[in-house]
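Before any comments, here is the structure.
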Amino acid sequence: MNTRILLLAISAAALSSCSSVYKTGQTPDDVYYSPAQEKPAYVSGQSQDQNDYRGNRDYTGNNYYSDYYLRFKSSNYYRWSTFDDYYWYNWRYNTYLYDPFYSPVYYGNPYMNPYTYYNPKYYTTSNYSGPRMYNLNTYDNTSKQGTYYNPKLGNNLNTTSRTYSNTTSSDRGGFLRSVFSGNSKSSYYNPSSGNNGRYNGGTTRTFDSGNSGRSSSGSNSGSSSSGSRSSGGSSGGSAPVRKF
Amino acid sequence: MELFTHFSKNMTPFSKSAIAVSIFVLAYSAASAQEPTDALRYSYLNPSGSARNQAIGGAGIGLGGDITNTFLNPAGIAMFKTNEFVLTPGFSFGNYKSTYLGNGDKDSKSSFNFGSTGFVFAVPNSKGAKWRNFSFGIGLNKLADFNSNIALSGLNNQSSYSEKYLEELTNANVTNPNDAANNFPYGSSLAFNTFLVDTISGAGGEVAGYRTQATTATGLIQREKINTKGGLSEFGLAGGGNLADKFYVGFGLGIDILNYDRTSTYDEADATEVLNNFNYFTVDEMLKTTGVGINLKLGGIYKPSEFLRLGLNVTTPTWFSMKDEYTTKVTTSLEGYGGPPDIKFQSSTDLNNGNPGAFEYNYRSPWRIGGGVAFVFREDKDIANQKGFVTADVEWVDYGGSAYHTATNGDQSASDYFTKLNSTIKDQYKSGFNFRAGGELKFKTIMARAGFAYLAGPYNDEKFKANRLNLSGGLGYRDKGMFIDLTYVQTFGKDGLYPYRLEQGPFSPASLKGSRGNILLTFGVKF
């Protein structure tokens, strides 16, 4: 946002500083017709004063000092010599000031300045370096993309109006259930009726190594529990890497 | 819980699906993995430019004479024999509808942006010379705005997000559980160490397979929230020559700056209150992509008669150098399964010395070739005789031609992955035509404009029926050496989003319909 504001401010300043030469007369519309600007007189041989409406005739390169300036200076040297500084320090006249190879501002060039700062972000080491790999085989699974939902078969289980709440519960699952069901989950979900469930019975889906087909659940290494979930506080902690 | 706090208060009563979307970006990817939709994000681009250009649908290949030609057809810059400065701020706001598993909802989104901003300089040639003038454009243009919020939810009794972890492990033939715990730091290892995914023991105690604790058969509440920020901006330089006011040729250079930030939270919870070793799990993902790219533009405009203009332009692919930084975190609550604590979490940074994953690579966007025609009434110096114009463009874009490449030659696995990714991009996306047309009526200093743009869908799979339609109109004032143009663009778009994809199980997209308004105001000074 700050960048945008800065951009707008700079642009507005540039816009307001532009002095149009078309304040009187018709403003050209280049889509239809763009009026030609004639080449400056010192090339075409015409009078420079007549052609250079931008008023930059006194620093076109051929005239280091303008004719006016030289005429004035010859008439009163001390009075008009004060403008020498103007010419010396004006980048239009003194190439030293803006030549990147000579200008003292070159120290901003990281190739030239031994004290160039570095962005630590680019020096962050990372053990893992690789593309974010995705299972691209899923794009071959065209037969099952979005094919299981059939609104005529009752998947649209709940049309009850619900209210959003900003709960402080630490049980995210309970919160999601409360959002979906209101007070009672059983009011919207009954696995034995109204569902077009393709998989019936099993509580978990399993995969065999080396055999990607689905199978019924088997034993597992974690402890299990049964019963009814009750709301209440819960503890959390970072999980260590499991070792076998 | 902050998961729901970002919805607007004027949402319709909640149904199983609640999606707030922005159509700034087509084809949202569901995960932070590098997949084909990443490529589409940087190539399916809405027309962009000055307010005048946007009011006529973004058409301008054959017309010329607008700073937008710096980014569109550089030959149009050669029509300038005067100088100008242009500033184009903008503001966007949208109402979006979506459908997921048969349920619909809507939400809104607004943001600031900008159109073509910069300078045009003309250098006249000697009187009588064949090349009448040479002109140059320099400026900035926003090609894409990635700011969006998406939230979706639904009840699913067909599949679980966690099955993708099972597929990852079985596809890799992981029989050593220590490998499962360590070798997949952005996916299966996090699920395995938090016990969302566990082993199936064979008769001899060996690992016979893997299972998920997610209780799909009795119903899963699935919900995802995706926030994206950033944009794609182009710094453009263009130069053109005017040959006898008959032929105009131009050459352009575009330097694209990409900044894309994406954070997502995916939740999946048991729909029942039964203790069954599964309460919920959450996957938090972060992705930051930055990049700089370069492209070239070549164009020409020919005036066979006073009223008629014909244009042609070619934009090369943009060659990007990109960098990704990404993290993933899995949190589970399994009702005691796996032992205490009740809520377990692990981040990819835990498996990567505290660092995010990082990867540098190259990306190439598709070619763009366009043609345009314009009828201008009339090309007269006196603005009282300038009555208006109509113009139209057609542009061909080969979306399937996007490609990723490794930045270095050393990583064979990355190279192999990109080879397959590029093949998938080619299979998933097709080439398409974009149409843009519009016109202007001019009443000396006041102008009225209207136009439209149609972007055909990039998908080979017709299920999404994705496309985008822009209707636009505007007014302009030009006098006293300055001009002001005001434009309104209304965008209607269709797209889709897969919360997750599976290799074997069923999965379903959310279809998205977006309607967005965009106001652009161009200030300009002739000098």
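Bear in mind that the values in this text are calculations on the coordinates, not laboratory data. Because the structure is predicted, anything quoted here is derived from the model rather than measured. As a convention, Cβ positions derive from the backbone with ideal geometry for all residues, glycine included, and neighbour counts pool all protein chains shown.
Please report the relative contact order for chain B, taking Cα pairs under 8 Å with a sequence separation of at least 6, and give it as a percent rounded to a whole number.
19 percent
What is the Cα centroid distance between the range B:387-433 and the range B:56-79, reported in whole angstrom?
The distance from the Cα centre of the range B:387-433 to that of the range B:56-79 comes to 25 Å.
So if we plug the beta-carbon distance of residue B:227 and residue B:127 into 1/(1 + (r/R0)^6) with R0 = 45 Å, what FRET efficiency do we get, rounded to 0.05?
0.15
Taking the convex hull of the Cα atoms, report for the range B:264-329 its projected area averaged over all directions, in nm².
9.7 nm²
Checking the table B:142/B:430; B:225/B:288; B:142/B:297; B:130/B:303 against a 19 Å threshold on Cα-Cα, which pairs fail?
Check vs 19 Å cut-off fails for B:142/B:430.
Would you mind ranking B:404, B:165 so that the residue whose beta carbon has the fewest other beta carbons within 10 Å leads the list?
B:404, B:165
Within 10 Å of each candidate Cβ there may be at most 13 other Cβ atoms; applying that plus a DSSP loop requirement, which GluC sites (Glu not before Pro) in the range B:159-210 survive?
Those that pass, being in a loop and sparsely packed, are B:206.
Which angle between 0 and 90 degrees, to the nearest 10, do you get for helix B:412-428 versus the longest principal axis of chain B when only C-alpha atoms count?
With both axes taken from Cα atoms, the answer is about 60 degrees.
Run the dipole for the range B:330-474 about the Cα centre, Lys and Arg Cβ at +1, Asp and Glu Cβ at -1, nothing else charged, and hand back the magnitude in debye, nearest 20.
So the dipole magnitude of the range B:330-474 works out to roughly 860 debye.
In vacuum, with every alpha carbon of chain B counted as one equal point scatterer, what does the Debye formula give for log10 I(q)/I(0) at q = 0.05, 0.06, 0.10, 0.11 Å⁻¹? Two decimals, please.
-0.24, -0.34, -0.82, -0.94
Sort B:67, B:343 by Cβ crowding within 10 Å, fewest neighbours at the top.
Result, fewest neighbours first: B:343, B:67.
Got a sec? Charge dipole of chain B, +1 on Cβ for Lys and Arg, -1 for Asp and Glu; which of B:500, B:200, B:232 is way out at the positive end?
After comparing all options, I get B:232.
Past 18 Å, Cα to Cα: identify those pairs from B:387/B:444; A:23/B:127; B:109/B:494, in the order given.
Going by Cα-Cα distance, A:23/B:127 fall outside the 18 Å limit.
Can you put B:255, B:77, B:226, B:383 in order of Cβ neighbours within 10 angstrom, beginning with the fewest?
B:255, B:383, B:226, B:77
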